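First up is the structure itself, then whatever we jot down about it.
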Amino acid sequence: MWNILLVDADPKVHARAKLMLPPDFSFSSCYTGIEALETLNQKKPDLIFCEISLPDMNGLDILRSGAFQAMQPAFIAISRSGNTHLIVDAVKAGADDYLVKPCKARDVLATIRKYLNLNGALYPWKTPRAAVHAARLLAGESPAMKNLRRQIRAYADTGSTILITGESGTGKDLVARELHTLSPRSSGPFYAVNCGALPETLFESEMFGSEKGAYTDAVARSGFFEDANGGTLFLDEVGELSAPLQVKLLRALEDRQVVHLGSHRPIAVDIRIIAATNRDIYADVASNRFRGDLFYRLNVLRIRTPSLRDRKEDIPLFCYTFLREFHTRQMAFSRGNRKPGTPPKFFCADALKKLTTHSWPGNIRELKNVVQRAFFLCEDSRIGPEYIELEESVNRKSS
Ligand SMILES: Nc1ncnc2c1ncn2[C@@H]1O[C@H](COP(=O)(O)OP(=O)(O)OP(=O)(O)O)[C@@H](O)[C@H]1O
Ligand SMILES: [Mg+2]
């Protein structure tokens, strides 16, 4: 798993970054230079985003520190516009690149892709249709998986709102991205917002934008609705929204327009909405935890991602796909560090049997983690069952 460290004194920058980053990254937050120097040693990040003006030191002191020099992760300097002299200093001091605040999600992701050498592993915001077909983001050949792909193909072009339901780790995020890339909007942006991680106080400014001075420290900027204009807005974990936020979202969805905090001027947006939840949303509607009117706005077309235990025949293919993915990443890392590469790895028959008989309550995410652990633990090409570490407590609960 890639480790990314963000150093910035402003908690709002951390909250925004967490929303932008794909869930498969390990993300550490530091608010001061001292904290950052300690975290450098503990977490050994692969990439650092660092504000140059920190409360206790200059961000460039981190770049010059022994801890940094020993590891040499990629260093991206960040600064407010108007502080360009600081950015020039950072680049002279050896920063790999810089971003000017407020940072756009697409610039952040492009930077991650560039410096972690993730060609294709981070889904591009704009992808030609043919390339997506070739890449086949969604692995799996079981009848359940074929049915899912059929549904995606049938719905992608419609432009209608889609609600994706399914247990945690079943691929709802991937399905949303595939729906976007197969749609006529694929040349527009895809914005994913984790509604569960969005603090109540930030919801309006993040979603709908703000005017300068709308609240303390408010800067003039657009929200996710406007940023996604011409493309797709993915409202992930929508079932986690509190009742007041459900009302605000409903209004924006009904009107297809937003009003910046601190303004009265409505701005029309042309977006396709895809929402996802791993909660039992029908039960939530029945118990009035989730508003019925919002549910019916979202549940226009519906896709249910099948649990892994209902498509066990896909497990060997998933294992192969994930081993190949980790091997490709390791080779890119070895090349970058001028180290010799390693041969590809595979599971022996007993290991595969152990993998196919587990019930996988955490679905594909759990399987991917188990494969990753085995990949790194086993130094041989042939991975035996002793390297398959299944969570016993989870296993017992699910069996
Ligand atoms: N069909 C698939 N082929 C390859 N990888 C998959 C597939 N489905 C899921 N994955 C991988 O499994 C992991 C979990 O998938 P994802 O994040 O899309 O799940 P989710 O349903 O959104 O989970 P949650 O409800 O917890 O957010 C990711 O690493 C994803 O890349
Ligand atoms: Mg998800």
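The values are calculated or read from the model by the stated rules, or taken from the named source; none is laboratory data. None of these values were measured; they are calculated from a predicted model. Counting neighbours? That spans all protein chains shown, and the Cβs are built from the backbone with ideal geometry, glycine included. Surface accessibility is based on the protein's heavy atoms, side chains included, excluding ligands, DNA and RNA. Shrake-Rupley method; radii C 1.70, N 1.55, O 1.52, S 1.80 Å.
Checking each residue in the range 1-25 for being under 23 Å from PHE333 (Cβ atoms), touching a Lys or Arg at 6+ places or on another chain (Cβ under 8 Å) and open to solvent by 30 Å² or more (accessible area, probe 1.4 Å) picks out only ASN3. Restricting attention to the range 74-106, which residues are more than 27 Å from TYR191 (Cβ to Cβ) and touching a Leu at 6+ places or on another chain (Cβ under 7 Å)? Matches in the range 74-106: ASP89, ALA90, ALA93, GLY94, ALA95.
In the range 141-166, which residues are open to solvent by 50 Å² or more (accessible area, probe 1.4 Å), closer than 15 Å to LEU308 by Cβ and assigned to a loop (DSSP other than H, G, I, E, B)? GLU141, the sole residue that qualifies.
Of the numbered criteria (1) assigned to a helix (DSSP H, G or I); (2) buried (at least 16 other Cβ atoms within 10 Å of the Cβ); (3) in contact with a Gly (Cβ under 9 Å, 6 or more places away or on another chain), the one PHE290 fails is (1).
Counting residues in the range 337-348 that are at pLDDT below 90 and in a helix (DSSP H, G or I) gives zero. Scanning the range 190-239 for residues that are surrounded by fewer than 17 Cβ atoms within 10 Å (Cβ to Cβ) and within 16 Å of ligand 2 (Cβ to nearest atom) yields GLY196, ALA197.
Filtered by the rule that a residue be assigned to a loop (DSSP other than H, G, I, E, B) and open to solvent by less than 20 Å² (accessible area, probe 1.4 Å), the range 66-94 gives a lone residue, PRO73.
Whenever a residue of the range 228-257 is on the phi > 0 side of the Ramachandran plot and within 16 Å of ligand 1 (Cβ to nearest atom), its partners that are at pLDDT 95 or above and open to solvent by 30 Å² or more (accessible area, probe 1.4 Å), lying with C-beta atoms within less than 9 angstrom and at least six residues away or across chains, give the pairs GLU237/ASN278; GLU237/ARG279. When residues in the range 171-201 are screened for being over 17 Å from the mean Cα position of the chain (by Cα) and either within 13 Å of ligand 1 (Cβ to nearest atom) or of a type in the set (Gly, Ala, Ser) (or both), 4 of them pass.
On the stretch given as the range 374-399, residues that are at pLDDT 95 or above and open to solvent by 70 Å² or more (accessible area, probe 1.4 Å) total 1. Could you list, in sequence order, all residues of the range 34-65 that are surrounded by fewer than 22 Cβ atoms within 10 Å (Cβ to Cβ) and part of a helix (DSSP H, G or I)? Scanning the range 34-65 gives ILE34, GLU35, LEU37, GLU38, THR39, ASN41, GLN42, LYS43, LEU60, ASP61, LEU63, ARG64. In contact with an Asp or Glu (Cβ under 7 Å, 6 or more places away or on another chain) and over 26 Å from ALA176 (Cβ atoms) - does that describe any residue in the range 357-375? Yes; the residues of the range 357-375 include at least one that is in contact with an Asp or Glu (Cβ under 7 Å, 6 or more places away or on another chain) and over 26 Å from ALA176 (Cβ atoms). So, PRO361, is that one part of a loop (DSSP other than H, G, I, E, B), out of contact with any Phe, Trp or Tyr (no Cβ under 7 Å at 6 or more places or on another chain), open to solvent by 30 Å² or more (accessible area, probe 1.4 Å) and under 29 Å from LEU148 (Cα atoms) or not? So PRO361 passes the test. Considering the range 264-284, the residues that are open to solvent by less than 30 Å² (accessible area, probe 1.4 Å) and either within 16 Å of SER242 (Cβ to Cβ) or part of a loop (DSSP other than H, G, I, E, B) (or both) include one that is nearest to ligand 1 (Cβ to nearest atom), namely THR277.
Every listed requirement among (1) among the hydrophobic types (A, V, I, L, M, F, W, C); (2) under 23 Å from the mean Cα position of the chain (by Cα); (3) not assigned by TED's automatic domain parsing to the domain that holds ARG279 is met by ALA349 save one, (2). Here the condition is being within 25 Å of THR170 (Cβ to Cβ), over 26 Å from the mean Cα position of the chain (by Cα), polar (S, T, N, Q) and not assigned by TED's automatic domain parsing to the domain that holds GLU167; of THR357, THR328, it holds for THR357 alone.
Note on the range 153-170: residues that are within 16 Å of ligand 1 (Cβ to nearest atom) and either out of contact with any Leu (no Cβ under 6 Å at 6 or more places or on another chain) or without any contact (Cβ under 8 Å) to a residue 24 or more places away in the chain (or both) total 8.
Test PHE333 against the stated conditions and say whether it is within 24 Å of GLU386 (Cα to Cα) and either open to solvent by less than 50 Å² (accessible area, probe 1.4 Å) or assigned by TED's automatic domain parsing to the domain that holds SER381 (or both). Spelling it out, it is not the case that PHE333 is within 24 Å of GLU386 (Cα to Cα) and either open to solvent by less than 50 Å² (accessible area, probe 1.4 Å) or assigned by TED's automatic domain parsing to the domain that holds SER381 (or both).
Would you check if THR216 is away from ligand 1 (no atom under 11 Å from the Cβ) and not in a strand (DSSP E or B)? Yes; evaluated as a whole, the condition is true for this residue. The condition (being small (Gly, Ala, Ser) and in contact with a Ser or Thr (Cβ under 7 Å, 6 or more places away or on another chain)) is satisfied by just one residue among SER65, SER28, SER81: SER28.
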